1. So how many residues does segment 25-59 have that are under 16 Å from C126 (Cβ atoms), of a type outside the set (G, A, S) and in contact (Cβ under 8 Å) with a residue 24 or more places away in the chain?
2. Can you report the number of residues in segment 123-140 which are among the aliphatic types (A, V, I, L, M) and touching a residue at least 12 places away in the same chain (Cβ under 8 Å)?
3. Which of the residues that make up segment 122-147 are surrounded by fewer than 14 Cβ atoms within 10 Å (Cβ to Cβ), at pLDDT 90 or above and not β-branched (V, I, T)?
4. Given the conditions (1) more than 29 Å from L6 (Cα to Cα); (2) in contact with a helix residue (DSSP H, G or I) (Cβ under 7 Å, 6 or more places away or on another chain); (3) assigned to a loop (DSSP other than H, G, I, E, B), which single one is not true for P273?
5. Take the residues in segment 204-255 that are among the β-branched types (V, I, T) and within 26 Å of T157 (Cα to Cα), then tell me which one is surrounded by the most Cβ atoms within 10 Å (Cβ to Cβ).
6. Mind counting the residues in segment 22-42 that are over 20 Å from the mean Cα position of the chain (by Cα) and assigned to a loop (DSSP other than H, G, I, E, B)?
7. Given the structure, is S214 assigned by TED's automatic domain parsing to the domain that holds A177, over 20 Å from F180 (Cβ atoms), of a type in the set (S, T, Y) and under 21 Å from the mean Cα position of the chain (by Cα)?
8. Inside segment 26-69, can you point out the residues that are over 26 Å from T87 (Cα atoms), among the acidic types (D, E) and surrounded by 14 or more Cβ atoms within 10 Å (Cβ to Cβ)?
Amino acid sequence: MHQAPLISAEKLAAHLREWRVVDCRHSLQDAAMGERAYAQGHVPGAAFAHLDRDLSGPPGGQRGRHPLPDPEAFTSTLERLDIDHHTLVVAYDDAGGMFAARLWWMLRWFGHDQVVVLDGGWPLWCAGGHPVTGDPFPQSLVTRQVWRRRDHLVTGTEEVQARLHDPAICFVDARTADRFRGENEMLDPVGGHIPGALNRPFRDNLQEDGRFKSPEILRREFLKLLAGRVPENVVHQCGSGVTACHNLLAMEWAGLPGGRLYPGSWSAWCADPHRPVATGSA
């Protein structure tokens, strides 16, 4: 059965005892923020997944800032989070799905479709008066699973470079417009974007209250951006492969599935000074 990628706080509250909730709160400026916030209060029964330790591999070189973890390491993470093939997983954060979407995509990469993101995240959960606890996550009881990865959902740097001038391929960059243009770059040593890439800041997927726009609105916006290209030929990227997952989720919500992720993204691309760099809005 097809699983819609988003769920409301009200629906989660009605199924708390049935589903595995994972807190993905994080700050790129303060890597310990998420754990502190989790200890202070979280959705009852929620486990915690750290972006750097659990949802990424070791950074550095041309792997980028948040490369995908080794599959064996991520398998161990899922075991610790008490996730098996039958678990419906609900991921949330306090940043409009910025980090929760990464777990959503990674589980789908591992062949697990029963995963959703809490629409509006932690802020709307609290605003709705839903329960909060500081209790730690209990010891996992799940047995180790064998996952069937969908590696066709991943694009590497060599393939990006080889298809840089292929008119059928569309690279979509989820960073803010100023970073895309090469201005105000604070996270990577080089400013700019992959030549030919289109800019779709991930926050454009959200309403003012932090929930995702309707599927109809997102569908219109993405179809206009893609200008006739099919979703299967879209490669999503950002600074380090995190917020690109937000655009993948938004397209899925809009009924436009099939895009791929370039996990290394700009941080991997710009690590080699011989690769071309574009600046400005085009």
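1. Of the residues in segment 25-59, 5 are under 16 Å from C126 (Cβ atoms), of a type outside the set (G, A, S) and in contact (Cβ under 8 Å) with a residue 24 or more places away in the chain.
2. Within segment 123-140, residues that are among the aliphatic types (A, V, I, L, M) and touching a residue at least 12 places away in the same chain (Cβ under 8 Å) number 2.
3. A127, G128, G129, P131, G134, D135, P136
4. (2)
5. T243
6. 1
7. yes
8. none
The values are calculated or read from the model by the stated rules, or taken from the named source; none is laboratory data. Predicted model, so just to flag it, every value in this text is computed and none were measured. Note that each Cβ is placed from the backbone with ideal geometry, even for glycine, and that neighbours are counted across all protein chains shown.
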